[in-house]
């Protein structure tokens, strides 16, 4: 099957290896992966900040870029949720009736990465053989809007040398919240501290998650707390890692 | 313009109220008040002894204590035993609806009236009891003043097993059938009064009774 | 109550630095959240019950004017007087009038959030009527110089046992107690004479039942029963949105309210009060007044924030909110804290007076999934953010930065160039380390965290290069 990868602005900027890992996983599942070259950002920061016009402009751009694909796969719960569930709301005015229909049509074909690998592509054998103890942080949008919970754990379970240790309050917010982290930094950091404490209490060597925003927040907090050794990795990276 | 007209006027405008939708709206009100539909309810056993068992379990969980007698005439003696065990005086204010019971025979000095602040023990009956949550339903009446279950530190209630119903909806159905109009005060009571306001620690005995003792009447 | 929501950031900073508050927030979180999780398992069909509760509330709100008229009709038929108040001033006027008419010297109050909105106690005192708060938490606040509540269900969740013990010792002039049960007993003994001597009882109203013209009071302490049984006059102050259709609807809502609020299967007392004392009765008020309050609610009906009116004031949203759990309730600056407060405060006191509140959220939706009436809280917060943008209330720098980002993101080539430079600059700032301690461009981020270093190239440039080689 042919899938289009929406790589997300954070992955593009900060961790291209997550994008390449996603491609590797999709290809291992037998998919042919396209990466529309003009993609930039899904527009979530604009929408969450209340700039409807900007959010709508970016939504239309993404819809036009991706609606030709049978599947759109996103290595981020929040971006996948935004495209899938928010685009129809963004384009809901009478003037946008045609765009609304296109947004709805696209929505059903948009998947978060682990959800796609488990429930659509049915990936059985992983290309990596990561060894070590990990703990998984459930990102809010992925969990509460898309139902991402079992899928990453199912995939981690396929790695024989990975030990999954669940942290206390895995489902609680890490405090990132996009623009929240740069508006209310002290509150955000305090929430992040709780998440880091819970994660490190498991003794896991690696904190894993499906959303780079959360992971950057957690990693930044860990390093400020003096922890230079606990690794923070996106699940795609873990699943393709060769050691 | 009165505040009433101002407020209702703005609500009407925001709802785009007109004659046509008012007719539909009023019909919906009548439908709701006639149907009095129940929503989803957790399963509660309906068989008598299971119902009583559930009531016992739930009221114990609410920190009430329980006793059981065969008929109502056995109740005064059981209550006298309870008061003696707890070293409480054999003095009580009783709901006038219970004035006919043989309190004197059990050694209890009973005053059939509303409660005063000096009353330490209050004895009431109940309209019915709810098994789902271990709750008493008390309905005020001239011979059932609400203060008897409120002011004294110890509240003792007689609960006939035949009056235990599964849920609050069933309690309302019984009230509709037997009382017609709603009494001034319907009080659902689930154990001793309590508060958790200080450090979220639950303490029994806030302003209402410190202890609630239920005497189930098996009506055998 | 005057709003201090404008000072949110400063108040939040103070809250973060307050060790007693932080310890109390930690304890209350574990109690409220964990107990609720256990209690809702008692419901076979929690989601179905929530949906039914939402529908009950929507049914009334969608015809609110007609339901209010119905309630007025049934309540009046049972001997109550129904009054209407547009705003805080009118609430106070009505209550003082009633007090004067009935020669009231003392008013015993059980909890009423509306009376907090209106600063009623101050108006009563000015009119020579002594208000006595009887809800233990509210009483503690009253004797502490009328401090504001920090939670709608647990008003003194921010106070420690020691603080309460000191307060009682100073105010009651009694020996200082060290145990919670002893303090509770002391409060009982101090307040009992007030219950017995109060001329008027003032309560809120958890629900107004249109079918019967009744008010339902959900309490644990018994004070709600006291103030509505002993005094000659009972005044109910509640918002116009509190109407529900039937007694059966009350039964359903009572499955959700106590569980969502404190994790109890049922509150200790549910009092359904209808009309005045009958001639043959020996207790109950001779006069019953309902004050139905607008104070901003009417204007929310039919608006994009209409769903917020479904709120049944359980407090579950704030209990589950990571932001509330971190800063407590006072930071929000008005009567209602947490997610519901972040929505109601701008709606009822003015958008421009509560700019920070809708933004002080990660939109995590922990609140939305526990709301017993399915209010889409994060969606409403986002809509408030949009209203701020439309109303030109956002700081200029923020608006420009967002517009710039969105504009550039619309031009892939330009975006590619900007990000090419951007990631290299950040990599340079990292100076070989894995993270940047202080990122000048994002000072708020850097308050408590480092900023991880980027790889140094963008995905798009690397992918394009890879493809070019093939």
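Each value in this text was obtained by applying a stated rule to the coordinates, not by laboratory testing. Everything numeric in this text was worked out from a predicted model, so none of it was measured. For neighbour counting, all protein chains shown are included, and Cβ atoms are generated from backbone atoms with ideal geometry for every residue, glycine included.
Under the definition of Cα pairs under 8 Å and six or more residues apart, what whole-number percent is the relative contact order of chain C?
Here the relative contact order equals 20 percent.
For the protein assembly as shown, what is the mean residue ellipticity at 222 nm derived from helices alone (per DSSP H run of n ≥ 4: -39500 (n - 2.57); sum divided by total residues; nearest 500 deg cm²/dmol)? Before the final figure, lay out each step's value.
Numbers: 39 runs with 417 residues, N = 933.
Dividing the helical sum by the residues of the protein assembly as shown leaves -13500 deg cm²/dmol.
Hey, what D do you get for segment C:241-283 in µm²/s if you plug the Kirkwood alpha-carbon radius into Stokes-Einstein at 20 °C and 1.002 mPa s? It would help to have the intermediate numbers written out before the result.
Values: Rh = 12.5 Å.
Value of D from the Cα-based Kirkwood radius: 171 µm²/s.
With viscosity set to 0.890 mPa s and temperature to 25 °C, compute the Stokes-Einstein D of chain A, Rh being the Kirkwood radius across alpha carbon pairs; µm²/s, no decimals.
Details: Rh = 18.2 Å.
D, rounded to a whole number, is 135 µm²/s.
Hey, rough spin-label estimate for residue A:108 and residue B:178, points 7 angstrom out along Cα→Cβ, what's it come to in nanometres?
In this crude spin-label approximation the distance works out to 5.6 nm.
With the calculation restricted to Cα positions, what are the radius of gyration and Dmax of chain C in angstrom?
Considering chain C through its Cα atoms, Rg and Dmax are 25.9, 98 Å.
Taking a virtual spin label 7 Å from the Cα of residue A:133 along the C-beta vector, which residues in segment A:182-206 bring their backbone nitrogen under 11 Å of it?
Inside the label zone: A:200-206.
Under 10 Å, Cα contacts only: if you run a Gaussian network model on chain A, which one of A:32, A:67, A:86 comes out with the highest mean-square fluctuation?
The residue with the greatest mean-square fluctuation here is A:32.
Evaluate the relative contact order of chain A (contact order divided by residue number), counting alpha-carbon pairs under 8 angstrom at least 6 apart; express in whole percent.
Working: 438 pairs, mean separation 51.3, N = 243.
After rounding, I find 21 percent.
Could you put A:51, C:307 in order, starting from the residue whose Cβ has the fewest other Cβ atoms within 10 Å? Intermediate values should be presented prior to the final figure.
Numbers: A:51 25, C:307 22.
With the fewest neighbours first, A:51, C:307 line up as C:307, A:51.
Kirkwood hydrodynamic radius, computed over distinct alpha-carbon pairs, for segment A:58-159: how many Å, to one decimal?
Working: mean 1/r = 0.0675 Å⁻¹.
It is 14.8 Å.
Work out the FRET efficiency for residue B:74 and residue B:37 from their Cβ-Cβ distance, taking R0 = 35 Å, and round it to the nearest 0.05.
On the way: r = 41 Å, r/R0 = 1.18.
Efficiency, rounded to the nearest 0.05: 0.30.
First measure r as the distance between the Cβ atoms of residue C:455 and residue C:407, then evaluate 1/(1 + (r/R0)^6) with R0 = 30 Å and state the FRET efficiency to the nearest 0.05. Could you put the intermediate results ahead of the total?
On the way: r = 26 Å, r/R0 = 0.86.
Calculated value: 0.70.
Can you give me the C-alpha center-to-center distance between segment C:304-320 and segment A:173-220, rounded to a whole angstrom?
Each part's Cα centre sits 27 Å from the other's.
Treating the angle as unsigned and between 0 and 90°, give the value, to the nearest 10°, between the Cα long axis of helix C:19-40 and the longest Cα principal axis of chain C.
Result, in degrees: 80.
What number in nm² do you get for segment A:113-243 if you take the convex hull of its Cα atoms and divide its surface by four? Mind showing how you got there, number by number?
Working: hull surface 30.0 nm².
Taking a quarter of the hull surface, the average projection is 7.5 nm².
Using the Kirkwood radius over Cα pairs, work out the Stokes-Einstein diffusion coefficient for segment A:152-196 at 20 °C and 1.002 mPa s, in µm²/s as a whole number. Mind dumping the intermediate values first?
Numbers: Rh = 12.4 Å.
Once the numbers are plugged in, D ends up at 173 µm²/s.
Taking the alpha-carbon set of the protein assembly as shown, what are its Rg and Dmax in Å?
Computed over the Cα atoms of the protein assembly as shown, radius of gyration and Dmax are 30.6, 105 Å.
Rounded to the nearest 0.05, what FRET efficiency do residue B:18 and residue A:101 give with R0 = 35 Å and r taken as the Cβ-Cβ distance? Could you check?
Between residue B:18 and residue A:101 the formula returns 0.65.
How large is Rg/Rh for segment C:40-129, to two decimals, with Cα atoms and a Kirkwood Rh? Kindly include the intermediate steps, with their values, before the conclusion.
Values: Rg = 18.2 Å, Rh = 16.2 Å.
My calculation of the ratio gives 1.12.
Report, in cubic angstrom per residue, the convex hull volume of the C-alpha atoms of segment C:280-371.
156
For segment A:2-119, what's the relative contact order in percent, using C-alpha pairs closer than 8 Å and at least 6 residues apart?
Working: 161 pairs, mean separation 35.0, N = 118.
Rounded, it is 30 percent for segment A:2-119.
Calculate how steeply helix A:97-107 sits against the longest principal axis of the alpha-carbon atoms of chain A, using the helix alpha-carbon long axis, and give the answer as 0 to 90 degrees to the nearest 10.
With rounding to tens, the tilt is 30 degrees.
Mean-square fluctuation check for chain B, GNM, Cα pairs under 10 Å: which of B:171, B:75, B:206 is largest?
Result for chain B, Cα springs under 10 Å: B:206 fluctuates most.
Any chance you could tell me what percent of the C-alpha pair distances in segment C:398-469 go past 21 Å?
Numbers: 1012 of 2556 pairs.
Value for segment C:398-469 (Cα pairs over 21 Å): 40 percent.
For segment B:1-104, state the average projected area of the convex hull of the C-alpha atoms over all orientations, rounded to one decimal in nm². Could you put the intermediate results ahead of the total?
Values: hull surface 57.0 nm².
Taking the Cα atoms of segment B:1-104, their convex hull projects to 14.3 nm² on average.
By how many degrees, 0 to 90 and rounded to 10, does the Cα axis of helix A:212-224 deviate from the longest principal axis of chain A?
30
In 10 Å bins starting at 0, how do the alpha-carbon pair distances of segment B:48-217 split up by percent?
Reading the bins upward from 0: 11, 40, 38, 11, 1.
Going by how many other Cβ atoms sit within 10 Å of their own, how do B:219, B:28 line up, fewest first?
Numbers: B:219 12, B:28 17.
With the sparsest Cβ surroundings first, the list reads B:219, B:28.
Between residue A:154 and residue C:101, what is the label-to-label distance in nm when each label sits 7 Å out along the Cα-to-Cβ direction?
So the label points at residue A:154 and residue C:101 sit 6.7 nm apart.
For segment C:47-293, what is Rg from Cα atoms divided by 2.2 N^0.38 Å, rounded to two decimals?
Numbers: Rg = 18.1 Å, N = 247, 2.2 N^0.38 = 17.9 Å.
It is 1.02.
I need C:356, B:117, C:294, C:87 ordered by Cβ neighbour count within 10 Å, fewest first.
Details: C:356 20, B:117 12, C:294 24, C:87 16.
By the 10 Å Cβ count, ascending, the order reads B:117, C:87, C:356, C:294.
Could you pull the Rg and Dmax for segment C:192-289, using just the Cα atoms, both in Å?
For segment C:192-289, the Cα-based Rg and Dmax read 13.7, 40 Å.
Just B:30, B:102, B:187 to compare: in a GNM of chain B, with alpha carbon springs under 10 Å, which one fluctuates most?
Between B:30, B:102, B:187, it is B:30 that shows the largest mean-square fluctuation.
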